[in-house]
Amino acid sequence: MEFVLVGLFVLGLALAVGLFRSRIRTRVRALTSGPTGRLTTRRRERVSLVEDRRDLERRADGALEASMAPGIGTHLESPITVREVATVVTETSGESTNVALVPIVRVPLGTTDTPGMELVFDYVADVLAAVHPVFDAADDPVSHYDVQFTFGPDGLLVSGECRRVGVPVELADRLVTDSSYRAHGLRQDVESRADGEDGDEDGDENEDDRAVLWGECREY
């Protein structure tokens with residue numbers, strides 16, 4: 001009789017443990033598949049994306065430091081760096097959102113006067129030649145590059161200017177793959193594509209608003 005009671009006790013205990021584990025698994029599935037679980041997953045994805053972009057910034061900064069030709073920094077107030085890797089939404093479908101990268105590179109000129117376009121595009125070409133191979137290997141595609149130039153007097157009573165050149169990724173691709181395509185050709189293509197708000201004097205807006213010729217710096 002005692003053996004029977006012990007057996008029933010053990011059987012009941014096993015059933016209770018099995019039921020408890022089943023409830024835990026059900027609860028975990030509910031948490032991970034429900035709104036809270038989806039939010040947690042999205043938070044993890046956002047953290048991962050931020051870490052990935054920071055890694056890209058570090059590698060691009062290293063490429064800039066290593067590849068800038070001797071003498072090119074004579075007009076610089078400080079080293080050229082990647083200020084930020086921004087993103088723009090390219091497509092939204094249900095809960096899925098596709099984004100593209102916008103690397104923003106800051107060129108801090110130590111000049112008080114507005115630089116000439118020849119000097120500007122010499123810097124733009126060298127910047128793209130350095131950083132495009134880094135971003136081209138990223139998981140997310142690149143939309144365009146923003147190369148920002150700061151210049152002019154900067155102090156307590158007056159602030160310097162910030163202007164940018166926006167370069168669509170296909171032009172950056174051509175720059176690094178076609179040895180005959182350099183700063184002059186890049187300038188011509190950006191000028192021809194530049195949108196009316198930032199570049200064209202007649203104010204007519206072009207289809208490709210990624211190309212910007214000496215527009216005001218902006219936030220993404």
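Any read-out appearing in this document is the output of simple, stated calculations on the displayed coordinates, not a laboratory observation. Just so it is clear, the model here is predicted, and its values are computed rather than measured. Heads up, the Cβs are rebuilt from the backbone with ideal geometry, glycines too, and the neighbour counts pull from every protein chain shown.
Couple of notes before you dig in:
- Using the Cβ-Cβ distance between residue 93 and residue 170 with R0 set to 30 Å, the FRET efficiency works out to roughly 0.80.
- Neighbour counts of other Cβ atoms within 10 Å put 119, 171 in the fewest-to-most order 119, 171.
- Modelled spin-label separation between residue 162 and residue 219, with each label point placed 7 Å from Cα along the Cα-to-Cβ direction: 0.9 nm.
- Fewest-first sequence of 220, 123, 181 by Cβ atoms within 10 Å of each Cβ: 220, 181, 123
- Residue 81 paired with residue 184, simple spin-label distance in nm, labels 7 Å along Cα-to-beta-carbon: 3.5 nm
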